[in-house]
Amino acid sequence: LVLCSFLQMGWGDLGAFGEPSKETPNLDQMASEGMLFMDFYTANPLCSPSRAALLTGRLPVRNGFYTTNGHARNAYTPQDIVGGIPDSELLLPELLKKAGYVNKIIGKWHLGHRPQFHPLKHGFDEWFGSPNCHFGPYDNKAVPNIPVYRDWEMIGRYYEDFKIDLKTGEANLTQIYLQEALDFISRQQASQQPFFLYWAIDATHAPVYASKHFLGSSQRGLYGDAVREIDDSIGKILKHLQKLGISENTFVFFTSDNGAALISAPKQGGSNGRFLCGKQTTFEGGMREPAIAWWPGHIPAGGVSHQLGNVMDLFTTSLSLAGLQPPSDRQIDGIDLLPAILQGKLIDRPIFYYRGNEMMAVRVGLYKAHYWTWSNSWEEYSKGIDFCPGQNVSGVTTHTQEEHTTLPLLFHLGRDPGEKYPLSFASEEYQGVMERISAVVQQHKETMVPGVPQLNVCDKAVMNWSPPGCEKLGKCLQPPESNPKKCFWPH
């Protein structure tokens, strides 16, 4: 089982989804040999909550990856966050262990960096990567550089031991992550162990990076270089599975954790194709993701599915592949996609679009109803921060939080995938569809029991000052005195 989840790669970044420069030959071939999902979503328009959702099968508002410090605010896990994945949550690797799986995460964890949140305490057997994103470089006085871990202990820090040249964008990290993946797969094949590899690399997150061989190779600039290197790496992983003779026993799924960050575009951001806005928003550009399932000998080649899918489904589908049932003592939001993947069935299910503690929108069939709209605040917008550059849709891309719970804005995504033309409130179509959607929303809200919010409290003392293993390397730093504060989330 291999799940590849990338940061901020947009729906429009792959040739298979229509990107005109066609610079993703390996992912395009993966799609031609497997199944393309055209209507696949993340559980949140921001990285940490969507990753928590993928590994728990539960909406972030249930697993605690949200904030109540401000209404409908996106929140994540920067260095000074106090919270993380609660012990009460059951993660996919913990459950796969029951079927004898060996589990490895390569890349960014992002579900909390304090000792109790370590991935090896939550079901993973191996880890090579970092607890946070590759921001920096920092001065190690006011803010420490992010550590890179091998299993329980750090082995260095970004910008010190793992170089990223911010001027040229050169970094060898993707190649290191690729080799880790190939070595892990080889070891498990040799020992005949079933395995779960979660390959969560972050080259497409600003500051974007690529290795020397790929720099300057794309028509799309540095971001395109990073995408080309990721594409090449996926090709090598798939070929490795074939060479070892285990491709027909290995289910591989490729997707992203949120839409392309248009705030970083055009130099450091991707494309969401025809969809509205990008990362941070609950418009289609923020939450619809590229997705490909690959399993030679099982998935009919060249398949295209319009099944409504979500990253949370990877939790339930993976358990199904391992012959396991999802936990029955909690609400699981992910569904088993195998009937859709293997038999072409369409399962009727809604998609809920959350931003922080608020359900902003819901999709049922081809219709999407917005109960709240908000792109970003006037305060941020006035500073040049724009999550929807060049895409002003009057009354839709709002800079104040607009409530539409009495009369939701309704779009038909088949006719209007860009969410530009809301249906008339007076139309028969609107009345009939909203009757159906209202029943779905009411049932959802009746069963919603929010988890304890993990993203409310920040404290500089909990940053990556002295991670395990720092003593051996002489890289322990002195933390400041603890001073917990309410986190401020402007987005």
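The values are calculated or read from the model by the stated rules, or taken from the named source; none is laboratory data. On a predicted model such as this, the values are computed, not experimentally measured, just so you know. Positions of Cβ are backbone-derived with ideal geometry, glycine not excepted, and every protein chain shown enters the neighbour counts. Calculation scope for accessible area: heavy atoms of the full protein, side chains included, ligands and nucleic acids excluded. Shrake-Rupley method; radii C 1.70, N 1.55, O 1.52, S 1.80 Å.
A few comments on the model shown:
- Selection status of residue 198, in contact with a Pro (Cβ under 9 Å, 6 or more places away or on another chain) and more than 15 Å from residue 241 (Cβ to Cβ): yes
- The residues of the stretch 153-206 that are over 23 Å from residue 6 (Cα atoms) and either touching a Leu at 6+ places or on another chain (Cβ under 7 Å) or not assigned by the TED database to the domain that holds residue 55 (or both) amount to a single one, 189.
- The set of residues in the stretch 437-468 being over 26 Å from residue 74 (Cβ atoms), in contact with a Pro (Cβ under 8 Å, 6 or more places away or on another chain) and among the small types (Gly, Ala, Ser) consists of 466 alone.
- Taken over the stretch 204-219, residues that are touching a residue at least 24 places away in the same chain (Cβ under 8 Å) and either surrounded by 19 or more Cβ atoms within 10 Å (Cβ to Cβ) or closer than 14 Å to residue 171 by Cβ (or both) amount to 10.
- Every condition in (1) over 25 Å from the mean Cα position of the chain (by Cα); (2) modelled with pLDDT of 95 or more; (3) open to solvent by less than 60 Å² (accessible area, probe 1.4 Å) is met by residue 428 except one, and the failing one is (3).
- Search result, residues across the stretch 2-40 that are more than 22 Å from residue 268 (Cα to Cα) and buried (at least 24 other Cβ atoms within 10 Å of the Cβ): 30, 31, 34, 35, 37, 40
- Total residues in the stretch 387-397, condition farther than 28 Å from residue 309 by Cβ and open to solvent by less than 20 Å² (accessible area, probe 1.4 Å): 0
- Restricting the search to helices (runs of 4 or more DSSP H) fully inside the stretch 1-104 and requiring at least 2 residues that are under 26 Å from residue 150 (Cβ atoms) and of a type in the set (Gly, Ala, Ser) gives 47-56.
- If the condition is being surrounded by 16 or more Cβ atoms within 10 Å (Cβ to Cβ), under 19 Å from residue 357 (Cα atoms) and over 23 Å from the mean Cα position of the chain (by Cα), then the stretch 441-468 contributes only 441.
- Search result, residues across the stretch 305-363 that are among the hydroxyl-bearing types (Ser, Thr, Tyr) and within 19 Å of the chain's Cα centre (by Cα): 316, 317, 318, 353, 354
- The listed residues are 145, 132, and the only one of them that is closer than 30 Å to residue 100 by Cα and either part of a loop (DSSP other than H, G, I, E, B) or in the same structural domain as residue 16 (by the TED database) (or both) turns out to be 132.
- The stretch 373-386, residues that are at negative phi and either among the acidic types (Asp, Glu) or open to solvent by 40 Å² or more (accessible area, probe 1.4 Å) (or both): 378, 379, 380, 381, 382, 383, 385, 386
- Verdict on residue 346 being free of Cβ contacts under 8 Å to residues at least 60 places away in the same chain and part of a strand (DSSP E or B): no
- Search result, residues across the stretch 350-363 that are in contact with a Pro (Cβ under 8 Å, 6 or more places away or on another chain) and surrounded by fewer than 20 Cβ atoms within 10 Å (Cβ to Cβ): 357
- Selection status of residue 164, buried (at least 17 other Cβ atoms within 10 Å of the Cβ) and assigned to a helix (DSSP H, G or I): no
- The residues of the stretch 179-190 that are in contact (Cβ under 8 Å) with a residue 12 or more places away in the chain and either at positive phi or touching a strand residue (DSSP E or B) at 6+ places or on another chain (Cβ under 9 Å) (or both), listed by number, are 180, 181, 184, 185, 188, 189.
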